[in-house]
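So the structure is just underneath, and the comments pick up after that.
The values are calculated or read from the model by the stated rules, or taken from the named source; none is laboratory data. Keep in mind that what you see is a predicted model, and the values were worked out from it rather than measured. When we count neighbours, we look across all protein chains shown, and the Cβ atoms used for this are built from the backbone with ideal geometry, even at glycine.
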């Protein structure tokens, strides 16, 4: 009689990660294992993270950091700040410890920056998108301008940065294109460069797909459009409308490609009770189906393909109890309305939480990072490990 063969669980998942074991044989539910703090400093407001895992296993978490204005006697700290910068921290031990002092990615010479959204390309380069705001003395403007304002801030539009050395140095900023028929200008009177917060997607053929948001200057709700790059983000061409509606406004969007080749986007909305919207292109980004209401609240989103082919969809939950939630979707992302909801955090101090982003860890685990606050305290970058 042959002795019974046993396999160490860690060995199984390591084999799974390199493709030595059929991933579909180990499909399983993910459960919450641990909460971690990635970066916290009470002098700063840290928010809007993204994460990539380098080929050597190093984790990079980028986020937007601004002064904690309440420490200077101001009533609140807001999402628009003239001193907000893009920074990152690193972990070389799977998220157990993180670099203490953030490294600067970019500081805009004219204003504050938002939402560093990283994607790691197959050649190892990292592309990071962002956008910015210029603070104004509103009462000193000489004449009306054809630009985008948010209170005392003027919109600078989108920008792109690129690193070829693991985030140690960055090239740029590079200016994304405007709409083919632009109707908004930047502070210098040039067509406003397109932007959006959310994950780009590199397709199987190497092309980059980016769903961007177009401001409509109040004439109708903001809509979404698809840009495509065939050279790693150096140049972009306009493809098509991704989502538009006479009543619903669309904004932050994250993309993923399915095994069948569909491009699926998970979209934040306004005027739809904060419902998630799903968009889908079945023809390689030449056109999109009509948008679908996913039937649940949450925003913004990030989608990560798991080793077994399923999709880990995470999103902020800005309703009591405030926190972060997730769903595990099938490989084609068709069961978004019925997949059970998983609560990762429900102890947020208020609605100013979320913006999650995920990366795979060794052993079949997932690290989801987000910004958080407890009892309306300083905003910090945290994470939840599931496995």
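Annotations
Residue-by-condition table, conditions (1) touching a strand residue (DSSP E or B) at 6+ places or on another chain (Cβ under 7 Å); (2) at pLDDT below 90:
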| position | (1), (2) |
| --- | --- |
| 8 | no, yes |
| 36 | yes, no |
| 58 | yes, no |
| 65 | yes, no |
| 69 | no, no |
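- Screening the candidates 287, 299, 331 for the property of being more than 24 Å from residue 223 (Cα to Cα) and at pLDDT 95 or above yields one hit, 331.
- For the range 324-343, filtering for residues that are over 21 Å from residue 279 (Cβ atoms), surrounded by fewer than 22 Cβ atoms within 10 Å (Cβ to Cβ) and within 20 Å of the chain's Cα centre (by Cα) leaves 2.
- Any hit, the range 164-175, residues being within 25 Å of residue 269 (Cβ to Cβ) and either touching a strand residue (DSSP E or B) at 6+ places or on another chain (Cβ under 8 Å) or in a strand (DSSP E or B) (or both): no
- Output for the range 155-165, where each listed residue is surrounded by fewer than 21 Cβ atoms within 10 Å (Cβ to Cβ) and over 19 Å from the mean Cα position of the chain (by Cα): 164, 165
- Search result, residues across the range 164-193 that are closer than 23 Å to residue 209 by Cα and touching a residue at least 40 places away in the same chain (Cβ under 8 Å): 164, 166, 167, 170, 172, 173, 174, 176, 177, 179, 180, 192
- Here residue 218 fulfils each of the conditions (1) out of contact with any helix residue (DSSP H, G or I) (no Cβ under 9 Å at 6 or more places or on another chain); (2) over 28 Å from residue 170 (Cα atoms); (3) surrounded by fewer than 21 Cβ atoms within 10 Å (Cβ to Cβ); (4) at pLDDT 95 or above apart from (4).
- The residue list 180, 187, 191 contains one member that is modelled with pLDDT under 95, surrounded by fewer than 16 Cβ atoms within 10 Å (Cβ to Cβ) and touching a strand residue (DSSP E or B) at 6+ places or on another chain (Cβ under 7 Å), which is 180.
- Residue count for the range 345-384, restricted to those that are under 18 Å from the mean Cα position of the chain (by Cα), surrounded by fewer than 19 Cβ atoms within 10 Å (Cβ to Cβ) and under 21 Å from residue 94 (Cα atoms): 1
- Pair list, Cβ under 7 Å, 6 or more apart: the range 84-96 residue within 7 Å of residue 64 (Cα to Cα), other residue surrounded by fewer than 20 Cβ atoms within 10 Å (Cβ to Cβ) and at pLDDT 95 or above: 85/104; 85/107; 86/106; 87/103; 87/104
- So residue 267, is it under 24 Å from residue 358 (Cα atoms) and buried (at least 23 other Cβ atoms within 10 Å of the Cβ): yes
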